[in-house]
Amino acid sequence: MKIFHAQCSFIEMKKEDIINNILKSPALPTLPAVASDLISITSKEETTIKEIADLLSKDVSLSAKVLKIANSAYYGFTYKISTIQQAISCIGINAIRSLVLSFSFLAIKGGNKSEFFNYEDFLTKSLANAVVARLIKEKIDNYDLEEVFIAGLLKDIGKLIISSTHPKLYDQIAKAAQNSEKKITGLEHEIVGIDHAQIGYEVAKSWGFPAVLSIPIQYHHFPEKNKDDDKKVQLYTNVVYFAGLVSNILYSNNPNKYYDKFVKEIKVTLSFSKAVIDDILDKVDLEVVQNANYFGFSIKKPKSIEEILIEANTILSGINLTYDQMNKELVNAKIQMQKVAKELELKNKWLESLANIDGLTEVYNHRYLQIFLEREFNRAKRKKSTFCLIMLDVDNFKKFNDTYGHQAGDFILKELCVLLQKGIRTYDIIARYGGEEFAIVLPETELECAWTVAERLRNKVADHIFTDNKEKYKVTISIGIAEVNPSIDNISKNNLIDRADAALLESKKNGKNRITVYSNRKK
């Protein structure tokens with residue numbers, strides 16, 4: 001009866017009073033001080049990289065975690081990041097903020113005494129939400145992946161808050177859900193007077209989270225109700241919603257229901273093809289385990305979505321097969337179908353590469369560079385961010401060709417591109433501009449970091465012995481760098497290329513095997 005009276009008194013309260021009651025609860029989970037301060041200072045445009053680095057450096061453990069993940073396969077840098085300031089410069093402020101919030105969220109335990117709340121299960125499902133959100137965003141573009149990751153991670157934080165601040169009410173909801181066909185949000189309204197999505201949003205807002213992270217929490221069950229004009233907020237809300245459907249395929253008793261809903265709705269909302277959808281779903285189980293390792297904890301590898309759906313369909317069909325029999329007769333058949341699909345996908349990629357890839361060096365061609373630069377100008381202008389263009393040229397290449405022949409020259413260009421590709425980030429691009437001249441675009445990169453990349457590439461090439469059968473060659477490269485912030489600098493992509501080319505020409509004139517920067521800041 002005590003629980004009943006507590007429930008009645010709670011739902012008789014106004015929604016605002018319920019929220020205040022939760023926000024003032026001594027059992028409400030809290031963020032580490034550094035994470036709270038980081039949210040505050042990153043909301044100010046005048047905040048510098050040094051200020052952020054100084055703040056993070058106050059928490060030695062958190063700094064170590066950030067540096068560890070910055071140097072892991074999570075980013076795939078081929079060089080070592082030694083300081084927090086370097087990490088921020090190379091990864092970006094938004095990415096660092098999202099990483100810190102991810103570590104902070106994964107460290108929250110909550111002092112709940114709920115009988116039904118399992119923290120490990122909650123954490124595993126939250127991680128699946130985050131992983132799928134990032135996989136979906138990667139199919140749209142490669143920007144702000146850490147930000148959409150934390151948006152997915154925070155999706156169900158309201159459940160953690162209810163279980164921590166009002167564990168008995170949480171248990172009532174869990175018990176009711178076992179014997180009801182109603183949605184969990186409906187039961188929460190009946191028992192608490194408000195659902196976990198609204199509670200999560202209010203707490204995230206009280207912590208100072210930006211709208212791009214808090215609003216997807218609020219509307220993750222009903223993204224169509226989000227009327228925010230910000231397209232990024234709308235996109236994140238949809239992505240987080242779809243991530244929730246996929247995690248329900250993994251961890252619910254009705255995977256087919258959520259699979260059908262996911263496939264049907266994401267085709268309409270995000271215009272994803274069946275091949276794109278399958279690629280996302282094929283990666284989920286392994287990505288969840290890998291990301292858990294990146295963030296320093298281990299979880300049991302979930303079954304693949306393919307296995308889950310086959311098992312569910314087998315049960316529904318009433319086929320009395322053992323799991324081993326099912327694997328032999330159904331899984332193998334599905335694998336054969338997948339092989340055919342992958343062969344088709346490879347052929348499609350090959351056709352696409354004919355238009356965008358240089359036939360000799362297998363890096364992007366001049367045509368694709370122009371397309372990418374146009375896109376990067378628009379994106380950087382929208383985000384008010386800076387990016388850099390590197391132009392580089394093989395020194396004395398005509399003389400090399402005349403001395404050793406064009407086949408040797410072709411070998412040098414191909415080997416050079418392999419070397420350069422290993423020295424840049426996965427979302428940077430390298431393109432053959434023409435002849436022995438190449439361009440590298442470094443999105444969201446300021447001049448200092450671009451210089452570091454260029455110097456590393458110059459040294460790498462100068463130190464490398466190009467070995468073709470028994471023949472060994474040495475070459476060097478000259479480099480020009482130009483920096484642009486399209487929201488401030490009134491220049492075109494052609495102007496940017498001209499600037500980088502002019503800087504490259506200066507390197508050639510001044511002795512070659514060197515770097516010149518087209519900027520007011522000279523190195």
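The conditions of being surrounded by 15 or more Cβ atoms within 10 Å (Cβ to Cβ), outside any loop (DSSP other than H, G, I, E, B) and among the charged types (D, E, K, R) are met by Glu287.
Somewhere in the stretch 486-508, is a residue in a strand (DSSP E or B) and surrounded by 14 or more Cβ atoms within 10 Å (Cβ to Cβ)?
If we filter the stretch 486-508 for residues that are in a strand (DSSP E or B), which is where we start, we get none.
No, the conditions are met nowhere in the stretch 486-508.
Count of the stretch 462-479 residues, restricted to those that are assigned to a strand (DSSP E or B) and out of contact with any Lys or Arg (no Cβ under 8 Å at 6 or more places or on another chain), is 5. The set of residues in the stretch 403-446 being surrounded by fewer than 18 Cβ atoms within 10 Å (Cβ to Cβ), touching a Lys or Arg at 6+ places or on another chain (Cβ under 9 Å) and among the charged types (D, E, K, R) consists of Lys422 alone.
Here Ile39, Ile52, Ile96, Ile69 are screened, and the one residue that is assigned to a helix (DSSP H, G or I), in contact with a Phe, Trp or Tyr (Cβ under 7 Å, 6 or more places away or on another chain) and farther than 27 Å from Thr165 by Cα is Ile69.
Is it the case that Asn238 is modelled with pLDDT under 95, surrounded by fewer than 24 Cβ atoms within 10 Å (Cβ to Cβ) and either in contact with a Pro (Cβ under 6 Å, 6 or more places away or on another chain) or within 30 Å of Ile310 (Cα to Cα) (or both)? Write out each step before concluding.
On the way: modelled with pLDDT under 95: no; surrounded by fewer than 24 Cβ atoms within 10 Å (Cβ to Cβ): yes; either in contact with a Pro (Cβ under 6 Å, 6 or more places away or on another chain) or within 30 Å of Ile310 (Cα to Cα) (or both): yes.
Spelling it out, it is not the case that Asn238 is modelled with pLDDT under 95, surrounded by fewer than 24 Cβ atoms within 10 Å (Cβ to Cβ) and either in contact with a Pro (Cβ under 6 Å, 6 or more places away or on another chain) or within 30 Å of Ile310 (Cα to Cα) (or both).
Scanning for something of a type in the set (Val, Ile, Thr), modelled with pLDDT of 90 or more and either under 24 Å from Val453 (Cβ atoms) or not assigned by TED's automatic domain parsing to the domain that holds Asn485 (or both), does the stretch 381-388 turn up at least one residue?
Filtering the stretch 381-388 for residues of a type in the set (Val, Ile, Thr) gives 386.
Subset that is modelled with pLDDT of 90 or more: 386.
Imposing the further condition that a residue be either under 24 Å from Val453 (Cβ atoms) or not assigned by TED's automatic domain parsing to the domain that holds Asn485 (or both) reduces the set to 386.
Checked against the condition, which is being of a type in the set (Val, Ile, Thr), modelled with pLDDT of 90 or more and either under 24 Å from Val453 (Cβ atoms) or not assigned by TED's automatic domain parsing to the domain that holds Asn485 (or both), the stretch 381-388 yields at least one hit.
Output the number of residues of the stretch 55-66 satisfying the condition of being touching a residue at least 24 places away in the same chain (Cβ under 8 Å) and either part of a loop (DSSP other than H, G, I, E, B) or surrounded by fewer than 18 Cβ atoms within 10 Å (Cβ to Cβ) (or both).
3
The values are calculated or read from the model by the stated rules, or taken from the named source; none is laboratory data. Just so we're clear, the structure is a prediction, and the values are computed from it rather than from any experiment. Here the Cβ is made from the backbone with ideal geometry for all residues, glycine too, and neighbour counts use every protein chain on show.
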